Amino acid sequence: MEHLVEVQDLKKSFLTKGGIFGKSSDVKAVDGVDLYLNKGETLGVVGESGCGKTTLGRLVLRLIKPTSGKINFDEVDITNLSERKLLWLRKRTGMVFQDPSASLNPRMNIRSTLKRPLVVHGIKDKNTIQKRIIEMLEKVGLNEDQLERFPHQISGGQQQRVAIARAIMLNPDLVVLDEPTSSLDVSVQAQILNLLLKLQRDLNLTYLFITHDLVVERHVSDRIVVMYCGKILESADTDELLGNTMHPYTVSLFSSTPIPNPHLKSTNRFIVGGEPPSLIHPPRGCRFHPRCPYAEGKCKKVEPKLVEAAKDHFLACHKFEEIDLLTYVKRFWKLMERLN
Amino acid sequence: MPLLDVKGLKTYFYTNRGVVKAVDGASFTVNENEIFCLVGETGCGKSVTALSIMRLIFPPGKILSGKALYKEEDLLKIPESEMQKIRGREISMVFQNPMNSLNPVFTIGYQISEAPTVHFNLSKKEAWKRTTDLIRDVKITDADTRAKCYPHVLSGGMRQRTMMAMMLSCNPNLLIADEPTTSLDVTIQAQILDLLIEIKKKRRMSVILITHNFGLVAEFGDRVAVMYCGKVVEIGDVTTIFRNPLHPYTRGLLRCLPIGYKRKSKLGFIPGTLPSPIDTPSGCSFHPRCEHSTKSCKLREPELVEYEKNHFVACHLYER
């Protein structure tokens, strides 16, 4: 399959000034990530807050410049292109953010919001613009009389529909969805997920779906990568990852996720203590070792590399051959058996 | 005999734009030593219900009518001085965002010791001992130094633990936890909830867990009440509600969850949007979105009836 995006050893650190003496330190938000996106697939990125998943999404779209590494979009190296040379990329990509009320301009009505990307990319003909706006509005399930409204006059679900319409206005190839349903209620979340899946089928979109909700991720993603502290710890096809989970962190993440089915309630859960480490001084060796009950000498000193542990199943852990945590994720299998 | 019996609770807010019927006739009971979940979408009145029980409603809000019987005493009727003895001592509450409920200019040790000092007349030394014990109870290591910390140096999980220590400081019989883990990550959420369950078992208290997350309900709840537009539409054991949901709204909500579906298939959904709280529909407030709605749904409000043992539903479909 053709890769739409390829990312190699991508790093991004942010400088922060701390304290009154302004001693600056590096926050390593993304710290050496390799990944690829196939055309037309959904790649899910899961992780807790501060693991660098949002930064990764922004890097892939080149909204921010990486510190080092390489990003290819459709076989063009976009790592160091200037903003002016990136205009074509902007046309072929879109982004949907978590909180639609914050990502829509409160002073622009829906019509101007949707018109903006077209104008920026040189479409001036009024009829074309109007036609396109109406067409997209229908696609995302809104109607014409909402065009003159302002964001505060419509509901959260409708706001997110507008944000999605804006992202796909120029017929992009890739859409980065950064927690698109996290701020929405369950009933609205279902509507938005249905919409996203339908748009993907109709327009052959590629999604980078960033979320912390594993239940949602399982439903929408073809492949999943698990991030922790700026690194990828495990990545595989969705079914493989859920059925043959290997990394202790992934298991703890799955095990902590509450499943809305009392029959799969488990008293035997793998819950790790502690909290994600600071990104300024990440632990040496494996990033997860301070929380990992299986950590030993090597884990504290040597950083594990991402290796292919099973077919298309990549893993960064020294101890995966010795430990077997599958009992803890069996309830996820039950979840899948009922489904497939 | 239930620990808490809420009957026909109505709390309205009188705003410039109209009367917001935040809670409009909610009824439920909480038994001893159980985890009772209040679940519903944004604006359905779950938080206001909790605040009404604690009598923490301020103008423009007003508790119009209803009863909240706690140990045969109506919390909504007793004088404020009596209520102050109940708050913290008998019933206490944990809020969603710990940073907003902790005072930034006092150490956490001081804040935890405040309530027991007032309720039990403790000396400074006794209060300090109690505080460090509590901090140990919520599994914060190094209690003596942590007690001298200010809230901003603690992480989100630690702050929520501090809140729990504060709420447990006077040994309440009922703990109201309003979305206690919504601002936390899943691994931290699991730690906090496991801690909550452990403390609940140890102290034999009841918990009202307010959440919008059906995962938490299934994982931790004993009984659950589903709220819609300020009313309780269905109550039952968690297993019963998930196996045999009766109310069309509950059924719709459970169908919306992305489980039990083939990957990338279409999820069930509830048509329409939540009605405005100022202008709630007549009769059954769910009727404009309901596939079974009939004429009587528009005219008459259904009552909460016991359809089978311990399974209550407010819907005309099940009235006999």
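Below, the figures for the structure above:
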read-out	value
Peptide A:269-280 - average C-beta neighbours from other chains (10 Å radius)	3
Separation between Cα centres of region B:76-103 and region A:22-62, rounded to whole Å	42 Å
Over chain B, equivalent-ellipsoid semi-axes from the Cα gyration tensor in Å	36, 22, 18
Heavy-atom surface of the protein assembly as shown, accessible at 1.4 Å and reported per residue (Å²)	44 Å²
Residue-span extension gain [residue B:306 to residue B:73] - 0.36 nm each, minus C-alpha spacing	81.4 nm
Listed peptides B:221-230, B:192-201, A:251-260 by packing density, highest first (mean Cβ within 10 Å)	B:221-230, A:251-260, B:192-201
Region B:107-177-region A:174-252 distance, computed between alpha-carbon centres (Å)	38 Å
Buried area at the B-A interface (accessible, heavy atoms, 1.4 Å probe, summed, Å²)	3800 Å²
Virtual spin-label span in nm between residue A:16 and residue B:7, 7 Å along Cα→Cβ	5.4 nm
Spherically averaged projected area in nm², based on the convex hull that wraps the Cα atoms of region A:30-95	4.8 nm²
12 Å beta-carbon shell around residue A:10, net charge (K/R +1, D/E -1)	+4
Shielding by partners - mean other protein chain Cβ count within 10 Å, residues of A:219-227	2
Pairwise label distance in nanometres, residue A:138 with residue A:49, each label 7 Å out on the Cα-Cβ vector	4.2 nm
Per-bin percent of Cα-Cα distances, the protein assembly as shown [10 Å]	3, 14, 23, 25, 21, 11, 3, 0
Helical mean residue ellipticity (222 nm; -39500 (n - 2.57) per DSSP H run of 4+; nearest 500) of the protein assembly as shown	-9500 deg cm²/dmol
Ordering of A:182-188, A:4-10, A:160-166, B:138-144 by packing [mean C-beta count within 10 Å, highest first]	A:160-166, A:182-188, A:4-10, B:138-144
Cut-off 13 Å between beta-carbons: net charge of the residues surrounding residue B:154, Lys and Arg +1, Asp and Glu -1	+2
By average C-beta atoms within 10 angstrom, highest first, the peptides A:48-55, B:93-100	A:48-55, B:93-100
Pairwise centroid distance, computed over Cα atoms, of region A:265-340 with region B:250-275, Å	32 Å
Cα point-scatterer Debye curve for region A:237-340, base-10 log of I(q)/I(0) at q = 0.15, 0.19, 0.20 Å⁻¹	-0.68, -1.01, -1.09
Peptide A:178-188, shielding by other chains (average Cβ, 10 Å cutoff)	5
Rounded FRET efficiency, nearest 0.05, which uses the C-beta distance separating residue B:276 from residue A:131 and R0 of 41 Å	0.80
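The values are calculated or read from the model by the stated rules, or taken from the named source; none is laboratory data. Computed from a predicted structure; not experimentally measured. So basically every Cβ, Gly included, is an ideal-geometry build from the backbone, and we count neighbours across all protein chains shown. Surface accessibility is based on the protein's heavy atoms, side chains included, excluding ligands, DNA and RNA. Shrake-Rupley method; radii C 1.70, N 1.55, O 1.52, S 1.80 Å.
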